[in-house]
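Participant: What follows is a single structure, and I will ask about it in a moment.
Laboratory data are not the source of any read-out in this text; all were calculated from the coordinates shown. This structure is a prediction, so every number in the text was calculated from the model and none was measured. Positions of Cβ are generated from backbone atoms using ideal geometry, with glycine treated the same way; all protein chains shown enter the neighbour counts.
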Amino acid sequence: MANPASSEAYVRFDGVQKSYDGVNLVVKDLNVDIPRGEFLTMLGPSGSGKTTSLMMLAGFETATHGDIFLNGRSINNVAPHKRGIGMVFQNYALFPHMTVAENLAFPLQVRKMGKAEVEEKVQRALDMVELGEFGNRRPAQLSGGQQQRVAVARALVFEPDLVLMDEPLGALDKNLREQMQYEIKHIHDRLGVTVVYVTHDQSEALTMSNRIAVFEDGRIQQLAPPTELYEKPENAFVAQFIGENNKLSGKVDALADGICEVVLDSGERVKALDINTDGAGTATTLSLRPERVFLNPAEGQCQNVFSGKAEEVIYLGDHIRVRMNVCGHDDFIVKVPNSSDKKGLAEGDTIPVGWSIDDCRALDA
Amino acid sequence: MAITVDSTGDLSPEEQKRLKGDLSRSLRQKKIRAILLVAPLVAFILVTFIFPIGNMLVRSVDNPQVHTYMPNVTEALKSWDGQELPDETIYAALAKDLIEGRKAKTIGKAATRLNYEKSGMRSLITGTARKHKKIVAPYKESLIGIKKKWGDIDTWKIIKKTGSPVTGSFFINAFDMVESPDGEISFAPEKQQIYLKLFWRTVWMSLLITFMTVLLGYPVSFLLASLPMKTANILMILVLLPFWTSLLVRTSSWIALLQTEGILNDLLVWLGVISNEARVQMIYNAIGTVVAMTHILLPFMILPLYSVMKTVPPSYVRAARSLGATNWTAFWRVYVPQTVPGVSAGAILVFILSIGYYITPALVGGESGRFIGNMIAYHMQKSLNWGLAAALGVMLLVMVLAIFALYSRVVGDNKVKLG
């Protein structure tokens, strides 16, 4: 099965499937190539198959079909402890009966490393996560963020080339989570290890990753760098899952030069980029980011202009969020930057709203 | 009056005092309710546990019989120096006690008590009392005339010694020692030593049973904890089945299984493992006790083990595996240490239950599988030597407490967990 292209990929999922009960597939035909040094995030709602995929890579679940290659070698039949993959677990899984230093020494001891070398590496790993003084503490005596850092240090102390992280920041509060995102990202940049990261938090994925694989229903819906994922979603699920999104459903009327005209259910005609439609006469969903909608657009600024009624105005400091009724949808969100020249918009006002063709994507229904 | 807080936020000492008063008043209702909730249990334990244990402690040194039922001679003997036979006044006091005791039908109790010290004392006293008509002055001559033993100085030493209201003789007995009439304490002859041997046997067999329950219970609990809830519940019922069948039914089925003409021996003979002549004695001895008690006490090991294992997340072992540990290393260095509290709780439960067990050893233990509990029961029910039973009970209690103290020193109380 060794494909010539696999020499490029450090980790390779090749047609991998997984079923737990022999009836339903949890992972359906997974194909990913992960080059060395990449930070790849598997993002998706719970039950989408992302954690199962990670567990198959770690060796705790076996694929019912397909191969997983690590460094060009199939690891389907390699036991977890022989894969040399570092892993950070959701609840950290720090051994409670060992001190922090003992936790870090564990992977080195099972590799029969000399005592002096173990001590040196443990100290270096602790210093790396700025916990140099905490070696003698028990995990229970550390705060959540400190435990998290120990878990990261433990996964890295034996210098694996690949580190897996299974929602490692899920138990932390918001501020700490953001701080840890940067720390993990910096460690990745500094060490150059390959990281496969699982999360259901899209802002986490956008912050840290080189590429994001959006999982849904056991399949990768889109695999792309963060900007592309947000700016150019390829299907309705990704558009809806990543960031905030206005959804307008309708029917494709005409197609020309990658631009289609869509008749909305309420009768209006909208011009949009033809990204993922099945041709004229088929149903489609238009995706439009709230910050790309303009209120009172200048003449010629937008190809699509409609009238909207402000239903709800929420002041959020850096921007103002307006829920409007546009084209028969009363959940149409517009984000207005809070700039000094903007006049206040009151609830009940009716004003023109518009957007350009480039910001409006026609996707699958 | 509300407590005023000044700008610094500190309270003056008087104010702190008032605040404490306010706090305790607001908590009083809660306290009263808590006390009322536990009161019935406390009363119950006081009556059925604390009081009997206190009673046992007292009984192990209490020695009222001779003191109460032979008051005159006990009093008279106080001034006796024990060098030679007592004088007439003491014999007269004895005669008075014997005659009065016979009338009141209480002399037998004193006689029984004296018999614990030296066999033959009962027949000496009751026999003499029966011939009360012959007891006439001068009493010394007349009593020695009835029973020659009244002329033996040791007899008098025993009465004097046993006349004291508090005695250590039950404990001396319980330690397999004897006290000579002169008060010298020494070990009883080898063949008469029973209790220390029994204590030792009780301890090591209890340890063996505890070890067996760990050995058998650990894998079962491990399986139970790793299975899905539904399957685990069904298996748990099987584990608890011994709890739901009567102890006697279980014990008799062990007899049916293990006896020389029993199922297991038949099977072994049929398989040709042993010959028909060399059937193995597996019951009415130590093997029987260990097998039956391991079976009976196994749930007490499995339940705490299971509930502790249930709380160990599988991610620990996974983490260890991902860090490079083999299955065995991950199990031994990561999983097992986290189940130690469960093993501890189970081991203490099983050990303490088995060290005081008595019905099963009595039924299947025979001679070599008998526990100290059986001896205590014997003295309670058969020989009616409650003092000795109490002394043995106190020794058992002290031993269990000592083991528990040692254990909590070595393992630590906080390492005991029931889930």
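Participant: Evaluate peptide B:312-319: per residue, the Cβ atoms of other protein chains within 10 Å of its Cβ; return the mean as an integer.
Facilitator: 6
Participant: What does the charge dipole of segment B:95-174 about its Cα centre add up to, to the nearest 20 debye, if the Cβ of each Lys and Arg holds +1 and the Cβ of each Asp and Glu holds -1?
Facilitator: 320 debye
Participant: Could you tell me which of rounded, prolate or oblate describes chain B, using a ≥ b ≥ c as the square roots of the eigenvalues of the alpha-carbon gyration tensor, with rounded for a/c under 1.5 and, failing that, prolate when a/b is larger than b/c and oblate otherwise?
Facilitator: Oblate shape, in that a/c is at least 1.5 and b/c is the bigger or equal ratio.
Participant: Within 10 Å of each Cβ in peptide A:148-159, how many partner chain Cβ atoms are there on average? Round it to a whole number, please.
Facilitator: Going residue by residue through A:148-159 and averaging, the value is 1.
Participant: Can I ask one more? Counting only other chains, what is the mean number of Cβ atoms within 10 angstrom of the Cβ of each residue in peptide B:333-339?
Facilitator: That works out to 3 on average.
Participant: Among A:L229, B:L247, B:V364, which residue has its Cα furthest toward the positive end of the charge dipole of the protein assembly as shown, with +1 on Lys/Arg Cβ and -1 on Asp/Glu Cβ?
Facilitator: So the residue we want is B:V364.
Participant: Give me the angle, in degrees from 0 to 90, between the Cα long axis of helix B:229-244 and the longest principal axis of the Cα atoms of chain B, rounded to the nearest 10.
Facilitator: 10 degrees
Participant: Contact order normalised by length for segment B:322-419, with contacts defined as Cα pairs under 8 Å and 6 or more residues apart; what percent is it?
Facilitator: Reported as a whole number, the value is 34 percent.
Participant: So what is the 222 nm mean residue ellipticity for chain A from helices alone, if each DSSP H run of at least 4 adds -39500 (n - 2.57) and you divide by all residues, rounding to the nearest 500 deg cm²/dmol?
Facilitator: Using -39500 (n - 2.57) per qualifying helix, the result is -7000 deg cm²/dmol.
Participant: May I pose another question? Measure nothing fancy, just the Cα-based angle from helix A:144-156's long axis to the longest principal axis of chain A, in degrees from 0 to 90, nearest 10.
Facilitator: Its long axis makes an angle of about 70 degrees.
Participant: So, in Å, what gap is there between the alpha-carbon centers of segment B:208-263 and segment A:252-298?
Facilitator: When both Cα centres are located, 70 Å separates them.
Participant: Okay, next question. Which of the three applies to segment B:195-415, rounded, prolate or oblate, going by the alpha-carbon gyration tensor with a ≥ b ≥ c and a/c under 1.5 meaning rounded?
Facilitator: oblate
Participant: Calculate for chain B the 222 nm mean residue ellipticity that helices alone would give, adding -39,500 (n - 2.57) per DSSP H run of length 4 or more and normalising by residue count, nearest 500 deg cm²/dmol.
Facilitator: Mean residue ellipticity at 222 nm (helix-derived): -21500 deg cm²/dmol.
Participant: Let's see if you can work this out: charge +1 on each Lys and Arg Cβ, -1 on each Asp and Glu Cβ, no other charges. What is the dipole magnitude of the protein assembly as shown about its Cα centre, in debye to the nearest 20?
Facilitator: 5560 debye
Participant: Right, something else. Please give the charge dipole size of segment B:195-415, origin at the Cα centre, charges +1 on K and R Cβ atoms and -1 on D and E Cβ atoms. Round to the nearest 20 debye.
Facilitator: About 620 debye.
Participant: So, one more: Could you tell me whether segment B:86-160 comes out rounded, prolate or oblate from its Cα gyration tensor? Rule is a ≥ b ≥ c as square roots of the eigenvalues, rounded for a/c under 1.5, then prolate if a/b exceeds b/c, otherwise oblate.
Facilitator: Here segment B:86-160 falls in the oblate category.
Participant: Same structure again: Any of B:K160/B:K382; A:K18/B:K310; B:K103/B:K148; A:K50/A:K309; B:K105/B:K148 with alpha carbons more than 32 Å apart? Name them for me.
Facilitator: Table pairs above 32 Å Cα-Cα are A:K50/A:K309.
Participant: If the limit is 19 Å between Cα atoms, which of A:K247/A:K271; A:K28/A:K247; B:K96/B:K140 go over it?
Facilitator: The pairs that break the limit, which is 19 Å between Cα atoms, are A:K28/A:K247.
Participant: Which residue, chosen from A:L273, A:V195, B:H67, occupies the Cα position most advanced towards the positive end of the dipole of the protein assembly as shown, where the dipole is computed from +1 (Lys, Arg) and -1 (Asp, Glu) charges on Cβ about the Cα centre?
Facilitator: B:H67
Participant: If one takes the longest principal axis of the Cα atoms in chain B, at what angle in degrees, from 0 to 90 and to the nearest 10, does the Cα axis of helix B:88-104 lie?
Facilitator: 60 degrees
Participant: Hey, how many Å between the Cα centroid of segment B:42-88 and the Cα centroid of segment A:305-365?
Facilitator: 99 Å
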